[in-house]
1. Please go through region B:140-154 and pick out each residue that is at pLDDT 90 or above and open to solvent by 50 Å² or more (accessible area, probe 1.4 Å).
2. Taking the residues in region B:155-181 that are assigned to a strand (DSSP E or B) and over 29 Å from the mean Cα position of the chain (by Cα) as candidates, determine which candidate is surrounded by the most Cβ atoms within 10 Å (Cβ to Cβ).
3. Test B:R17 against the stated conditions and say whether it is under 27 Å from A:L64 (Cα atoms), facing chain A (nearest Cβ under 9 Å) and more than 33 Å from the chain's Cα centre (by Cα).
4. Name every residue in region A:76-91 that is within 12 Å of another protein chain (Cβ to nearest Cβ), of a type in the set (D, E) and surrounded by fewer than 16 Cβ atoms within 10 Å (Cβ to Cβ), in order of residue number.
5. Looking at (1) open to solvent by less than 80 Å² (accessible area, probe 1.4 Å); (2) closer than 23 Å to B:Q146 by Cβ; (3) of a type in the set (D, E), can you tell me which one B:D235 breaks?
6. Does any residue of region B:26-34 turn out to be surrounded by 12 or more Cβ atoms within 10 Å (Cβ to Cβ), within 14 Å of chain A (Cβ to nearest Cβ) and more than 27 Å from A:L103 (Cβ to Cβ)?
7. Being open to solvent by 40 Å² or more (accessible area, probe 1.4 Å) and among the hydrophobic types (A, V, I, L, M, F, W, C) is the filter here, so list the residues in region B:35-54 that pass it.
8. When the residues of region A:48-75 are filtered to those that are within 18 Å of B:D54 (Cβ to Cβ) and open to solvent by less than 20 Å² (accessible area, probe 1.4 Å), which remaining residue is farthest from the other protein chains (Cβ to nearest Cβ)?
Amino acid sequence: MKLVEVIRATKVDVEIGKWETGHITRSQFPLSQAKNKNYKFGPDYRWRVVRFRCLGHEWRVLLLLCAPREIFRTTLAVEVGGDLRVVCQHEYHASEPGWHCHLSL
Amino acid sequence: MNDRQFCKAFCDEVALREVPLGYVLKTPFRRDDGDAIAIYIRRHHELDAFRLEDDGQTIGYLEAAGVDLDADSRFEALTDLMREYAVHYDERGVLLHTGYVHEANLPALAVKFSAFLLRVYDLLLLARNRVRSTFRDDLIAMVESQFGASCRIDLNVPLQESMKDYVIDILVRSPGNRVLAIYAGTSEMKALEALLFWRESREQKVQHVRSMLVLEEAKPRDIKDRTLSRVMNSDILLASMDGEEIAIRRKMEFNLLN
């Protein structure tokens with residue numbers, strides 16, 4: 001499966017979570033290698049999770065925003081056997097020249 | 001050779017930009033995801049002083065990568081580093097930061113804080129699950145190189161429908177339908193899984209399978225002595241990877257093909 005196919009595919013059952021502040025509960029974005037109940041973020045950080053289905057898989061996108069530091073990141077992950085596998089991260093932060101993407105190959 | 005060339009190499013990538021909180025300083029050092037390590041500069045207006053902060057993600061990043069800062073010696077390593085570099089941890093803000101200093105002292109402090117952040121990222125190298133993952137991958141590669149041409153190899157599958165809750169790390173089936181169920185002994189949980197599988201096989205009178213637990217080292221830190229004794233006293237084949245690869249290959253082959 002190519003990333004571009006995921007981007008172009010029709011998404012169904014789209015659920016857009018509310019903006020929250022601070023720690024991200026692991027159940028919202030379960031990565032088995034993380035040991036703690038929460039992903040720790042301070043009150044400067046806001047986040048929300050979007051869920052959808054496409055190409056026969058369940059997907060989640062984690063949006064993370066820290067306005068005081070000008071950091072924005074979206075993380076795309078696919079559900080595999082109750083765990084999430086991160087596919088890519090698309091982000092902007094003021095310490096890098098512009099928008100860029102990290103791929104998990 | 002002159003010092004300007006070195007100076008240029010260190011400084012070319014350094015950049016300072018304004019952000020709502022104050023400033024962000026891009027350092028010439030990079031994290032393992034390729035992004036530059038950034039330092040944020042927060043101004044205290046009343047004191048007319050500044051402090052340096054991380055991006056508020058360092059601790060979360062380490063924990064998400066498997067470093068368990070709450071439970072073990074890695075927390076000690078972090079607090080030792082914080083003491084050495086006079087850095088504080090704001091638990092509520094999830095921030096690593098220095099004390100406030102006057103503007104003239106900021107550049108020298110930034111060099112020190114960069115060194116601190118680099119060393120904190122080195123804690124990732126101590127992440128146990130990273131070591132475990134390498135060990136498991138090495139074990140899979142070894143089994144595939146040994147039996148890939150002659151046997152069927154499946155990863156993370158049960159032996160049969162009646163044992164579907166018992167997922168085996170590496171399942172090797174010989175052409176004569178003998179099976180080796182291999183568990184990578186990376187944790188107490190894995191050793192217990194191997195024991196449970198062995199007991200269930202005995203219960204269901206499965207004759208054609210041998211269970212095997214392969215440890216990374218002969219004295220595993222993460223498996224309790226009592227559990228290891230139970231494994232030794234069972235029919236589970238026990239092996240240790242530390243320098244004994246050829247012997248393990250022989251042991252696997254003997255139990256699978258004879």
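The values are calculated or read from the model by the stated rules, or taken from the named source; none is laboratory data. Since we're looking at a predicted model, the values are computed, not measured. A quick note on method: Cβ atoms are made from the backbone with ideal geometry, for glycine too, and the neighbour counts reach across all protein chains shown. The accessibility values were calculated without ligands, DNA or RNA, using every heavy atom of the protein model including side chains. Shrake-Rupley method; radii C 1.70, N 1.55, O 1.52, S 1.80 Å.
1. Selection gives B:R152 alone.
2. Checking each candidate, the answer is B:V179.
3. Spelling it out, B:R17 is indeed under 27 Å from A:L64 (Cα atoms), facing chain A (nearest Cβ under 9 Å) and more than 33 Å from the chain's Cα centre (by Cα).
4. A:D83
5. Unmet condition: (1).
6. Within region B:26-34, the first condition is being surrounded by 12 or more Cβ atoms within 10 Å (Cβ to Cβ), and the residues that meet it are B:26-31.
Within this subset, residues satisfying the condition of being within 14 Å of chain A (Cβ to nearest Cβ) are B:26-31.
Checking the rest, the ones that are also more than 27 Å from A:L103 (Cβ to Cβ) come to none.
Looking through region B:26-34, none of the residues is surrounded by 12 or more Cβ atoms within 10 Å (Cβ to Cβ), within 14 Å of chain A (Cβ to nearest Cβ) and more than 27 Å from A:L103 (Cβ to Cβ).
7. Answer for region B:35-54, where residues must be open to solvent by 40 Å² or more (accessible area, probe 1.4 Å) and among the hydrophobic types (A, V, I, L, M, F, W, C): just B:L47.
8. A:L64
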